[in-house]
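A quick write-up on the structure given underneath.
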Amino acid sequence: MVLASLAALAGCGAAPGEPSASSMPNAVAAPMLDVQRVAFELDRPAAQPSVVADPAGARFVLIWQERDAEGCAVLRTAVLPAGGDVGEPRDVARGCDWFVNWADFPSVVVADNGDWWTYYLQKTGASTYAYDIRLVRSEDEGRTWSAPITPHDDRTPTEHGFVSMVPMGGDRVLLAWLDGRNTLPPAPAAGHDAHGAASGGHAHAEGPMSLRSAEIGRDFVLRHEQEVDGRVCSCCPTDLVRRDDEAMLVYRDRSEDEIRDVHAAHYRDGRWRLEGAVRTDGWRIEACPVNGPALAASGDAVVSVWPTMASGPLEVKAAAISGTMGARVLEGGDGVLGRPDLASWGDTAWLAVWLGAGAERATALRAAVLDADLQPTVTRDLALLPPGRGTGMPRVASLGREAIVVWTEPKGAEGPDARVGTVQVRRLRH
């Protein structure tokens, strides 16, 4: 069962130890949001969760990674019915040679025919960042899984990850991922580059990272394999949304002079068209910030949220993909970590989540309901967490008036004994 309400924003105060809604940036007190913790206890350390809505089943599908007694990784899923309890966890796969990372982790997608698709990242060489994508499919809602296949055929001992997936009709799904086939194998190091080393994240390879995509169905045949962009940021998450039989993609680009703004691409009839920058920030950074964009669609509207430090301290921004309105700053300043995600919330609203600045050097997992003009109408802290990479990348998915937010809840800054945090966010009827 979901536990007692952390605090409904309907005249109630905040939960003990949490800021009230009125103390949050841009907050407007409004009796429309209820937040409840979801009971989700596991016997082993767990981290890197993600969540997707399954409208046909009126439910959410959760996925995360655990460590077993031998120190090997286990990928698991569970179903969370709308307004219900988390179902029995089921194993997808287990491996002692996986690449397990706070920033580059699995997600799940439900195809139109009901198939579930997910993946894990398997090491392919001695280099820290030599790993491949292993894609698997379930035809029985996670009870059994297919043998894995690799959606890229370059066979290079380089990085392949930061995958985004969406259904594309019938049994097909569309994947996009960062592909290191054109990079030189990185030397073993603490991180990809100066920023990566400082944050414990990824290092920057010498050659250009590319962005690639393909479609796949039940026959496991890869279709429309192609390079989307030949030079992108080497370790920032990507995001995809479907629009009927088309799709939109956002990612962090990388120009020759190291401008790393967020760009968009449009997928139609098996081909991509580059749309350029979502908004021109002009963020010049000679290192991967390990901090990418998110995307959501509702009707004709497609909105992105992303982090940038183009103007100084990190800011979380939001803007419509098409349109002339400038970007809305959701939060900015010292202590803001970004790592945003976004879900549509009915026809004219959006639910954004990100890691913001909390009190006394804590990190706040922050959620905001954005109106049609992307103005926050309610802003709420869902959890207070230690700063650092241990909190991972919060994820959100929505279904009707309900949304589920998941994140890694570490014990201490590094979080070796982390658990999965889960809350239900619900819009209240007036």
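Going by the conditions given, is GLN65 surrounded by fewer than 21 Cβ atoms within 10 Å (Cβ to Cβ), modelled with pLDDT of 95 or more and not in a loop (DSSP other than H, G, I, E, B)? Against the criterion (surrounded by fewer than 21 Cβ atoms within 10 Å (Cβ to Cβ), modelled with pLDDT of 95 or more and not in a loop (DSSP other than H, G, I, E, B)), GLN65 does not qualify. Within segment 349-376, being of a type in the set (A, V, I, L, M) and under 24 Å from ILE321 (Cβ atoms) holds for ALA349, LEU351, ALA352, VAL353, LEU355, ALA367, ALA368, VAL369, LEU370, ALA372, LEU374.
Scanning segment 358-377 for residues that are open to solvent by 10 Å² or more (accessible area, probe 1.4 Å) and either in a helix (DSSP H, G or I) or within 15 Å of PRO293 (Cβ to Cβ) (or both) yields a count of 3. With respect to (1) touching a residue at least 60 places away in the same chain (Cβ under 8 Å); (2) closer than 21 Å to TRP102 by Cα, the lone exception for LEU385 is condition (1).
Look at (1) closer than 28 Å to ALA73 by Cα; (2) surrounded by fewer than 22 Cβ atoms within 10 Å (Cβ to Cβ); (3) among the aliphatic types (A, V, I, L, M) and you find that LEU428 fails only one, number (1).
None of LEU384, LEU351, LEU355, LEU330 is at negative phi, open to solvent by 10 Å² or more (accessible area, probe 1.4 Å) and not hydroxyl-bearing (Ser, Thr, Tyr) except LEU384. When segment 39-49 is filtered for residues that are part of a strand (DSSP E or B) and open to solvent by 10 Å² or more (accessible area, probe 1.4 Å), the ones remaining, listed by number, are ALA47, GLN48. Do the conditions hold for TRP345, that is, is it aromatic (Phe, Trp, Tyr) and at pLDDT 95 or above? Considered against the rule, which asks whether it is aromatic (Phe, Trp, Tyr) and at pLDDT 95 or above, TRP345 comes out as no. Among the residues of segment 308-333, those identified as closer than 18 Å to ALA368 by Cβ and aliphatic (A, V, I, L, M) are LEU314, VAL316, ALA318, ALA319, ALA320, MET325, ALA327, VAL329, LEU330.
Each row is one residue, and each column tells you yes or no for (1) under 19 Å from ARG366 (Cβ atoms); (2) in a strand (DSSP E or B); (3) modelled with pLDDT of 95 or more; (4) touching an Asp or Glu at 6+ places or on another chain (Cβ under 6 Å).
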position	(1), (2), (3), (4)
PRO237	yes, no, yes, no
ALA247	no, yes, yes, no
VAL250	no, yes, yes, yes
ASP257	no, no, yes, no
ALA264	no, yes, yes, yes
ALA297	no, yes, yes, no
PRO307	yes, yes, yes, no
SER322	no, no, no, no
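So, in segment 297-313, how many residues would count as being surrounded by fewer than 24 Cβ atoms within 10 Å (Cβ to Cβ) and not polar (S, T, N, Q)? So the count comes out to 9. Candidates are the residues of segment 333-348 that are at positive phi and of a type in the set (Gly, Ala, Ser); the one that is least open to solvent (accessible area, probe 1.4 Å) is GLY338. Tallying residues that are in a strand (DSSP E or B), within 23 Å of ARG181 (Cβ to Cβ) and of a type in the set (Phe, Trp, Tyr) within segment 111-146 yields 4.
If only residues of segment 314-324 that are closer than 22 Å to GLY346 by Cβ and free of Cβ contacts under 8 Å to residues at least 24 places away in the same chain are counted, the one that is surrounded by the fewest Cβ atoms within 10 Å (Cβ to Cβ) is GLY323.
For segment 276-296, a residue qualifies if it is farther than 22 Å from SER344 by Cα and open to solvent by less than 20 Å² (accessible area, probe 1.4 Å), and the qualifying residues are TRP283, ALA287, CYS288, PRO289, VAL290. For segment 266-275, a residue qualifies if it is assigned to a strand (DSSP E or B) and surrounded by fewer than 21 Cβ atoms within 10 Å (Cβ to Cβ), and the qualifying residues are HIS266, ARG268, ARG271, TRP272, ARG273, LEU274, GLU275. Considering segment 80-110, and only residues there that are in a strand (DSSP E or B) and of a type outside the set (Val, Ile, Thr), the residue that is surrounded by the fewest Cβ atoms within 10 Å (Cβ to Cβ) turns out to be ASP91. Considering the conditions (1) out of contact with any helix residue (DSSP H, G or I) (no Cβ under 6 Å at 6 or more places or on another chain); (2) closer than 21 Å to GLN48 by Cβ, VAL329 is excluded by exactly one of them, (2). Comparison of ARG223, ARG243 shows that the only residue that is more than 18 Å from LYS317 (Cα to Cα), open to solvent by 20 Å² or more (accessible area, probe 1.4 Å) and within 22 Å of the chain's Cα centre (by Cα) is ARG243.
The values are calculated or read from the model by the stated rules, or taken from the named source; none is laboratory data. Keep in mind that what you see is a predicted model, and the values were worked out from it rather than measured. As a convention, Cβ positions derive from the backbone with ideal geometry for all residues, glycine included, and neighbour counts pool all protein chains shown. What goes into the accessible areas is simple: the full protein's heavy atoms, side chains included, and nothing from ligands, DNA or RNA. Shrake-Rupley method; radii C 1.70, N 1.55, O 1.52, S 1.80 Å.
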